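A short worksheet on the structure shown next.
The values are calculated or read from the model by the stated rules, or taken from the named source; none is laboratory data. Worth saying up front: this structure is predicted, and the values here are computed from it rather than measured. Here the Cβ is made from the backbone with ideal geometry for all residues, glycine too, and neighbour counts use every protein chain on show. We work out accessible area using only protein heavy atoms, side chains counted, and drop any ligands, DNA or RNA first. Shrake-Rupley method; radii C 1.70, N 1.55, O 1.52, S 1.80 Å.
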Amino acid sequence: MTWQDWIRTVEVEPSFYAADFAQLGDQVERLLRAECRVFHYDVGDGHFVEPITMGPVVLKSISPLIHRSGGVTDVHLMVENPAKYFEPVADAGGDSVTFHYEAVEDVDATIRAARAHGLQVGVAFNPESEPEDVAAVTGDADLVLCMAIHPGYGGQKFMEPTYDRVRRLRLALPNTVHIQVDGGVGDENIKRIHDCGATLLVAGTAIFGDDDPAGAYRQLVDALA
Ligand code: DX5
Ligand code: ZN
């Protein structure tokens, strides 16, 4: 299975970073019942980004739940030396890894290293990097993640230049490569981000900050219609 099979035109992806970890399994079940199929899992190492978030251990607990309902998890590696984590992520049931353009010397070799572990691959880039420079080396990736915030923490404000950055990226990438946007995505901007060319929309606070995450997920899906 590949991203081409997973994406139903456009996907809203709940970001576990904002979840209530005391109720993680229950929240996953509710989202799956609300027809959510793609989940976003943030790994921060305390070096590439300031916080240490979560790693393969927690992923291993929730992967069987997600896979049982036909769901998948994309693992956003906000880490130095991302290739070091491909094997543990694959062993823990991760389906795709997204590493940062700024964290590696050789993007192409890193994409190939991820595929060697049977993983789908994304390449993320920060607000300081130029979309065209990233597109020039990511034609073989499955997705390119345009960060709409400085990575590290949830709950930050969506950066307005992102709309234009997504448009530029869409023009520079082959049509087969999906564009993902992460950071500050909510009801008020999700449609406009999609209209700029993004088909994978990550939402942490907008989903898990709500008393009813499954309802908030449905609301974001409806906002895209
Ligand atoms: C933070 C992570 C995001 C985060 C998004 O750097 O990469 O995935 O969870 O959170 P919100 O949607 O609250 O901006
Ligand atoms: Zn993320």
Given unit charges at Cβ for Lys, Arg (+) and Asp, Glu (-), the dipole magnitude of the range 3-224 about its Cα centre in debye, nearest 20, is 500
From highest to lowest solvent-accessible area (probe 1.4 Å; ligands, DNA and RNA excluded), E50, E105 read E105, E50
Helix-only [θ] at 222 nm, the chain, -39500 (n - 2.57) per DSSP H run of 4+, per residue, nearest 500, equals -9500 deg cm²/dmol
Distance in nm between Y153 and V57 label points, each 7 Å along Cα→Cβ, equals 2.5
Calc'd 3J(HN,Hα), the range 131-137, phi into Karplus 6.51 cos²θ - 1.76 cosθ + 1.60 (θ = phi - 60°), Hz, glycine/Pro = x, comes to x, 5, 5, 5, 4, 4, 10
Quick calc: nm separation of the 7 Å Cα→Cβ label points for D210 and K191 -> 1.6
Note on the chain: C-alpha Rg/Rh, Kirkwood Rh, two decimals, gives 0.92
Under a 1.4 Å probe, counting only protein heavy atoms, R192 has an accessible area in Å², nearest 10, of 120
Interchain or sequence-distant (5+) residues whose placed amide H lies within less than 5 Å of the amide H of S96 are T73, V75, Q120
FRET efficiency for Q23 and A136 from the Cβ-Cβ distance with R0 = 35 Å, rounded to 0.05, comes out at 0.20
Expressed as a percent, the accessible surface of the chain that is carbon or sulfur, using a 1.4 Å probe and the full set of protein chains, is 49
